Amino acid sequence: MRIDIISAVPQVLSGPLDHSIVGKARENELVEVHIHDLRDYSEDKHRKVDDYPYGGGAGMVLTPQPIFSCIEHLTDQRDYDEIIFPAPDGDVFTQEDANALSISQNLMFLCGHYKGVDQRVRDQLITREYSMGDYVLSGGELPAMTMTDAIVRLLPGVLGDAESALTDSFQDGLLEGPVYTRPATFRGLEVPKVLRSGDHQKVNQWRLEQSLERTRKVRPEMYKKFRNEQ
């Protein structure tokens, strides 16, 4: 898989994508992640990429020229399954979306900044818009990195244990229950006996019960949906 990320502040992206799961996946050539500085595509002599909004109002807006130039440069070289724009008014990004995008060959993220991007960019170039939730961030860089991480960890060979991603929260419509590791007793606190029993059937049943209970308490709407689909 190849992922291209376009940003007016690419420095924000370089660190997190170089380490941990995504960094190792890049090192092992399981994914390519390319970061593009939007200012490199500006035709303004000062490499300007933003301007005041028509009609007045606070904030600055990313101008269409450098965005069109950058995206057209990339799409001339390869086809993209999706060109994604993180936006507060987009569809809420879910695990189901991450699963679907993980089978793509080429993905592109355009990171907004300031007050957003010229609407003509969204109308003409963007194929998917995702929100991280009901709040506003300073730019699309953090959402782009979040989605990249969620997608890359699903790629074959990225996680040491392929089953790990399949048992994450949301994969089966429920939140994951509690997990424990050694020692069996720590400061008087014990790991549940069923997890030490060696009875896999009982362990699986306990985990399902814990998952159901946690989902019921924390995400009642998810719990109700899960029950209705059974």
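Less than 23 Å apart at the alpha-carbon level, and either on another chain or at least 8 residues along: which lysines does that give for K48? K48 reaches K115. Using a/c under 1.5 as the rounded threshold, could you call the range 34-116 rounded, prolate or oblate? The axes a ≥ b ≥ c are square roots of the C-alpha gyration tensor eigenvalues, and prolate needs a/b larger than b/c, oblate otherwise. Since a/c reaches 1.5 but b/c is at least a/b, the shape of the range 34-116 is classed as oblate. Cross-link reach is defined here as a Cα-Cα straight distance under 17 Å, omitting same-chain residues fewer than 8 places apart; for K217 the lysines meeting it are K225. Of S131, S102, S14, the residue with the greatest mean-square motion in the GNM of the chain, using alpha carbon springs below 10 Å, is S14. For the chain, the longest principal axis of the alpha carbon atoms and the long axis of helix 64-75 meet at an angle near 60°.
Counting Lys and Arg as +1 and Asp and Glu as -1 over every other residue whose Cβ lies under 11 Å from the Cβ of D89, the net charge comes to -2. What the Cβ-Cβ distance of Q201 and K225 gives, at R0 = 30 Å and to the nearest 0.05, is a FRET efficiency of 0.65. To the nearest 10 degrees, how steep is helix 220-229 against the longest Cα principal axis of the chain, on a 0 to 90 scale? So the helix axis and the longest Cα principal axis differ by about 70 degrees. Could you list log10 I(q)/I(0) for the range 72-115 at q = 0.20, 0.27, 0.33 Å⁻¹, which the Debye formula gives when each Cα is one point scatterer? Scattering profile of the range 72-115, log10 relative to I(0): -0.77, -1.07, -1.21. What the Cβ-Cβ distance of Q124 and D51 gives, at R0 = 30 Å and to the nearest 0.05, is a FRET efficiency of 0.95.
P(r) tail for the range 2-152: Cα pairs beyond 27 Å make up 18% of the total.
Value of Rg to Rh for the range 167-229, rounded to two decimals, is 1.04; Kirkwood radius and Rg both from alpha-carbon coordinates. Computed from the C-beta positions of L155 and D79, the FRET efficiency with R₀ = 22 Å rounds to 0.70.
Readers should treat all values here as calculations from the given coordinates under stated rules, not as data from a laboratory. Worth saying up front: this structure is predicted, and the values here are computed from it rather than measured. Cβ atoms come from the backbone with ideal geometry, glycine included; neighbour counts cover every protein chain shown.
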